[in-house]
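Trainee: Handing you this structure, nothing more for now.
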Ligand SMILES: [Zn+2]
Ligand SMILES: [Zn+2]
């Protein structure tokens, strides 16, 4: 492989995050996250039920409903959304399975933009950069603002294309 066709580091680590996300047993959402220090991979995690507890594929998703405001045809609209609350989020699992010392000054690559709770935990975890691909508009504004206050680099890979075999179609 020559230098032009060789993958850049962002693509390389995001590809791994997507690969990891395929381990998730939740049929509604597949999220993968990896911890990177320098160019070294120090941890991987995906969303899932705690070890030894039935997961979504065995016990079904645990659905919570919530109302969210969305913009539709220029108008604000309230819609009902469902999400699965059985799983520990990938970012939280990543923090549970890595050491503080490894996280100091490191980067997290995560397939999806962190939710408000995960963003707060990551902000307090020692990581100094968070890179994501799919956006999660519900929390974008407050998460972006908080990252700015913390001085954590927070960026979306706009033109990235995940390997097609790692992307599963999910019902929402
Ligand atoms: Zn689920
Ligand atoms: Zn989360």
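The numbers here are math on the coordinates, done by the rules we state, and not lab data. Owing to the predicted nature of the structure, the values given are computational and were not obtained by experimental measurement. Reconstructed Cβ throughout: ideal geometry from the backbone, glycine too, with neighbour counts over all protein chains shown.
Trainee: Could you pull the Rg and Dmax for the stretch 1-147, using just the Cα atoms, both in Å?
Mentor: 16.5, 51
Trainee: Between residue 82 and residue 165, 0.36 nm times their residue separation minus their Cα-Cα distance comes to what? Can you show the working numbers first?
Mentor: Working: separation 83, 0.36 × 83 = 29.88 nm, distance 2.55 nm.
Gain on stretching residue 82 to residue 165: 27.3 nm.
Trainee: For residue 57 and residue 150, what is the calculated FRET efficiency with R₀ set at 35 Å and r taken between the beta-carbons, to the nearest 0.05?
Mentor: 0.45
Trainee: Right, something else. Arranged by the count of other C-beta atoms within 10 angstrom, fewest first, what order do 16, 130 take?
Mentor: 16, 130
Trainee: Same structure, new question: Rounded to whole Å, give me the distance from the Cα center of the stretch 85-130 to that of the stretch 1-77.
Mentor: Centre-to-centre distance over Cα atoms comes out at 12 Å.
Trainee: Fewest Cβ neighbours within 10 Å first, please rank 107, 135, 159, 21 accordingly.
Mentor: Ranked by crowding around the Cβ, least crowded first: 159, 135, 107, 21.
Trainee: Can you give the percent of C-alpha pairs in the stretch 1-75 whose distance is more than 19 Å?
Mentor: 57
Trainee: Next question, about the same structure. By counting other Cβ atoms within 10 Å of each Cβ, how are 132, 67 ranked from fewest to most?
Mentor: Fewest-to-most Cβ neighbours within 10 Å comes out as 67, 132.
Trainee: Okay, moving on. Could you work out the relative contact order of the stretch 53-172? I mean the mean sequence separation of Cα pairs under 8 Å and 6+ apart, divided by the number of residues, in percent.
Mentor: Normalised by residue count, the contact order of the stretch 53-172 is 19 percent.
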